[in-house]
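Only the coordinates and a few stated rules stand behind these numbers; no lab work does. Only a predicted model underlies this, so the values are computations on that prediction, with no experimental measurement involved. Because the Cβ atoms are built from the backbone with ideal geometry, glycine has one as well, and the counts that use them run over all protein chains shown.
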Amino acid sequence: MSKVLGPFLSFHATGNIGKSLTAKQWKGIKQVIRYSKPSGPPSAAQTSQRLRVHNAMLSWRKYLHPTDAGTAWNLLAKSIRPHIWGYNHALKSLIPQLAADPDASYAISIEEKGTGKVYVEMQNMDDGTTGDEFGLFDIWSGSDPRALYKIGSNAIVTGNVATPSLGSSGDTVYFRLIKSYWRSGIYKITLLYPEIVLDLMEYANDAAAQAAWVSSNPNWLIQKAQYTCEDDAASTAILDSSGNDNDAALGGGDNTEDISQNPGKIGKSLKVNGSDDYFNMDAVVSDITASTTGAIALWLKPTNAAATWKGICSFADTDANTNIMFRQSDTNGKLYVTLDLAGTRHWGFRTTSAVVFTATWGHVVLRHNGTTPSLWVNNVSVPLTWINVGDKTKWFADCPGIDNARIGCNNFNSGGNGSFWAGEVDDVRIFSENLTDAELTAIYNAGSGTESILYPVLQCYSESTIKTQGSYSLKGVAAITDSLNKTLSHTIDPPLDLSGMDHITFDVRSIRTIQPLRGKLWNSTGESVLLGFAVTASETWQNKIIDISASPDSDKDSINKISFEVINADTANTFYIDNMYAY
C-alpha cells in the first residue's frame, strides 16, 4: 500500500498514478492524461542539443548571472520582443553561439571609466578566462534602450577596450555588443567624469610624429653628414645623405673631371689624386663645433700606403694652428691622429702597427667618448702609441676656431690646402655624438659596408593601421640594449592644469611584456609624476588606468611635458600608444 502525502485526485494533484494516469499543469491548465513512456532512447541530435543547452546554462550561471551582465540581460528583456526573461534571451544567444565556438567571448562588464567613454571587459564562456576572441564586434548605443543604433566596430580581444565617445559628462546612454548573436545585454551608463585630452596621437606622417614626440637619441639626428660618394663628380657637388643638407664640394684641378670610381667599396667611390683634389666639407662644421663626443667614419683605399704625412681627413682653423686631423704617418701603413689647440698639442697617437695597405679598402673610425679618443679599423679597436699627451678629453667643443673640413688634404694656420693624399674614399660619415659598438658594427656590416642610415636607437612613427581610435596611433621602435633609458618626450604648450585629476589613462600595445616602458608627467618646475604600468600580453591592446591621486596638485597644476622611457632593452621592442587622457 502507499502513504498519502497530499490530496488524492484533487484539482491540485500532479504526478503518476499506477503508471496509468498522469496529472500535470500545462500553461496554467490542469490536465489528467494517460501515462506514457518514450518509445526509445534519445537520438544523437537530441543528446547533442541537450548538451548545448546544458553548456549554455553553465556559462550563464558561472560567468554572466553573478556579474552585472545578469542585470544587463534583464534590461534587454524589457526592451525588445518577445518579453521573456533575460536568462532566456541569453540562452537564445549562447546555445547556437557556443555550438559553433565553445570559447566565444561575452561581455561581463561595460562601465564608465572617466573619459567620456566606456570600457568593455570580455570573458570566454568555456573557462572564464579573459576574452580573446578575434574579429570585430559591432557596437550599438543610444539614449533609448529600445532604439539603439550601430556606432562602429571594434576588435575586443581582451579586457578594457575603449569605444568611440558616447557623449558628454552627465549623459545617460545605453550600450550593447553584437557579433553574429547578442554578446551582451543592454547596459545603462551615466557619463560622469570630466576629461582632459593629453594626446590622441593623431599624427598624419612620420615627420609630424617625430616633431611632436622627440627622441633623446633617434640616431640619425647625431649623424650630421653622410657622403655616399655616388655622385657624378664631373659636377662639384658631393651630396649629403643625412638629411641635414651639409653638401660637400669637390675642389682642386679644374673641378670638372669625373673622379668617380665604379665599382667603389659600396657602389661608386670618389678618388682624389694626391696633388690638388679634395673634398670641401665646411658646411658640416657648424653642426659639430659644440660636440664633446663624436665620431668620424670613412672607407679608404690608399693609392700608396707608404706615402708619409699625407692628410686623409682634417678639421681645422684656416688662420690658426688649431686642428683635429688624421694622416698617413711617417711609417708604412700607420695612421697618425692629433688634436692641436692654438699651437699646443693636447693629444696625439700613432697606430702601433700598420693598419692601412696600398690599394686595399679599410674602414677607419675615429671615436671620442668624452674621456679619450680611440681608433677603430675594420670594426676593431687598434693598439695606439700615444705622443705628446696633455688632455685627452679635448674635442670639437674645445676648439672654437675650427672653420673648415677637408678630405684628401689639410688647411690650417694660413697654410692653405696642402699635404694632399691620394686614394679612394667611400661612405664618409660625421657624428655629433660617439657611436655605440652596435652602431659601428652596423656601419661596418661584416666588411661589406652599407650606405643605409643607421637604425634608430629609439624613434617614433605615425601608425594608421594599429590603433584604438581616430585615424592614427604613435608607434615606437626601440633597439636592443642601446635604447635603455632613452626617452620619447612630448612638449605641452601652453601647460595643462591637471589639479583635481586622479587618473591618467591611455592605450598601449607592445611586443615586450612586463615593464618595457614607464611614463612621466613633468611640470614647469621640473617635478614629475611617475606613470608606472605593466604590459601583460604581447602585441595586444591594453588600456592602462594609472592612479595619480596621491600626487599633490602642486605637481600637476602646470604640466608641460609627457615622456615615455625605455626601462628594459634586453631585446628590441616595437610598441604603440594611443588615446591619452587625464580625468
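Could you tell me the calculated FRET efficiency between residue 81 and residue 492, based on Cβ-Cβ distance and R0 = 56 angstrom, to the nearest 0.05?
Details: r = 52 Å, r/R0 = 0.92.
Calculated transfer efficiency: 0.60.
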Between residue 111 and residue 528, what FRET efficiency follows from the Cβ-Cβ distance if R0 is 25 Å, with the result rounded to 0.05? 0.25
With each label point set 7 Å from Cα along the Cα-Cβ vector, what nm distance links residue 214 and residue 249? 3.2 nm
So for R0 = 41 Å, FRET eff. of residue 379-residue 536 from the Cβ-Cβ r, to 0.05, ends up at 0.55
Across segment 401-411, in residue order, what do the Karplus-derived ³J(HN,Hα) couplings come to in whole Hz, using 6.51 cos²θ - 1.76 cosθ + 1.60 with θ = phi - 60° and x for Gly and Pro? x, 4, 9, 9, 9, 9, 10, x, 6, 9, 8
Where a ≥ b ≥ c are root eigenvalues of the Cα gyration tensor, a/c under 1.5 meaning rounded, otherwise prolate if a/b exceeds b/c and oblate otherwise, the chain counts as prolate
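Suppose a student asked you for the relative contact order of segment 506-565, using Cα pairs under 8 Å spaced at least 6 residues apart; what percent would you report? Spell out each step's value before the answer.
On the way: 101 pairs, mean separation 27.5, N = 60.
Relative contact order here is 46 percent.
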So for the pair residue 207, residue 452, with labels modelled 7 Å out along Cα→Cβ, what separation do we get in nm? 2.4 nm
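What 222 nm value per residue comes from the helices of the chain, counting each DSSP H run with n ≥ 4 as -39,500 (n - 2.57) and dividing by all residues, nearest 500 deg cm²/dmol? Please report the intermediate quantities before stating the final value.
Details: 6 runs with 62 residues, N = 583.
Per the formula, -3000 deg cm²/dmol.
Is there a quick way to get the dipole size of segment 389-488? I mean about its Cα centre, with the Cβ of Lys and Arg at +1 and of Asp and Glu at -1; what is the value in debye to the nearest 20?
Numbers: 7 positive and 12 negative charges, 61 e Å.
In debye, rounded to 20, segment 389-488 gives about 300.
Placing +1 at every Lys and Arg Cβ and -1 at every Asp and Glu Cβ, with all other atoms neutral, what dipole size does the chain have around its Cα centre, in debye to the nearest 20?
Numbers: 47 positive and 59 negative charges, 1027 e Å.
Around 4940 debye, computed over the chain.
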Once amide H atoms are placed 1.01 Å from N in the peptide plane, what residues at a sequence separation of 5 or more from residue 531, or on another chain, have their amide H within under 5 Å of its amide H? 519, 520, 521
Relative contact order of the chain: what whole-number percent is it, with Cα pairs under 8 angstrom and at least 6 residues apart? 13 percent
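What does the charge add up to near residue 387, with Lys and Arg as +1, Asp and Glu as -1, over the other residues with Cβ less than 15 Å from its Cβ? Write down the numbers at each step before the final one.
Values: positive: 327, 334, 345, 350, 392, 394; negative: 330, 340, 391.
That works out to +3.
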Considering only the other residues whose Cβ falls under 12 Å of the Cβ of residue 411, what net charge follows from Lys and Arg at +1 and Asp and Glu at -1? -3
Along the Cα→Cβ direction, 7 angstrom out, place labels at residue 568 and residue 25. What is the inter-label distance in nm? 6.2 nm
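Name the chymotrypsin sites (Phe, Trp or Tyr not before Pro) in segment 300-393 that are in a loop by DSSP and that have at most 16 other C-beta atoms within 10 Å, would you? Present the calculation step by step, with values, prior to reporting the outcome.
Numbers: sites: 309, 315, 326, 336, 347, 349, 357, 361, 376, 386; in loops: 309, 357, 361.
Hits after loop and neighbour filter: 309, 357.
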